[in-house]
Amino acid sequence: MPQRIYADRTASVTELKRDPMGMLAAAEGHAIAILNRNRAAFYCVPVAAYEAMLDRLEDAELNAVADERRDMAEVPVDRNAL
């Protein structure tokens, strides 16, 4: 069964070993699927893209918490008592 690749660029493990920083520079900030025997072994993701993914995951988790609490009863709080 064919494997889906979630990157526009691919490289072999050998290419990664040969010039990892050059390969990342050529990807221009995009993820690269690293192939081993023509199957994706892992993804090489630039720092900025990885940080953006983590931010989006955190936002999704916070939205899920907010959705769960949407219909909860409000609790009155006295600021002076805090």
Name the residue, out of Asn63, Asn38, that is of a type outside the set (Ser, Thr, Tyr) and at positive phi. Asn38
Condition first: open to solvent by less than 100 Å² (accessible area, probe 1.4 Å), under 30 Å from Gln3 (Cα atoms), assigned to a helix (DSSP H, G or I) and of a type outside the set (S, T, N, Q). Can you find one or more residues in region 60-69 that meet it? yes
Hey, Ala52 hits all of (1) open to solvent by 100 Å² or more (accessible area, probe 1.4 Å); (2) under 22 Å from the mean Cα position of the chain (by Cα) but one; which does it fall short on? (1)
Yes or no: Glu28 open to solvent by 80 Å² or more (accessible area, probe 1.4 Å) and either modelled with pLDDT of 95 or more or of a type in the set (Val, Ile, Thr) (or both)? no
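The values are calculated or read from the model by the stated rules, or taken from the named source; none is laboratory data. From a predicted model like this one, the values you see are computed outputs, not experimental measurements. Surface accessibility is based on the protein's heavy atoms, side chains included, excluding ligands, DNA and RNA. Shrake-Rupley method; radii C 1.70, N 1.55, O 1.52, S 1.80 Å.
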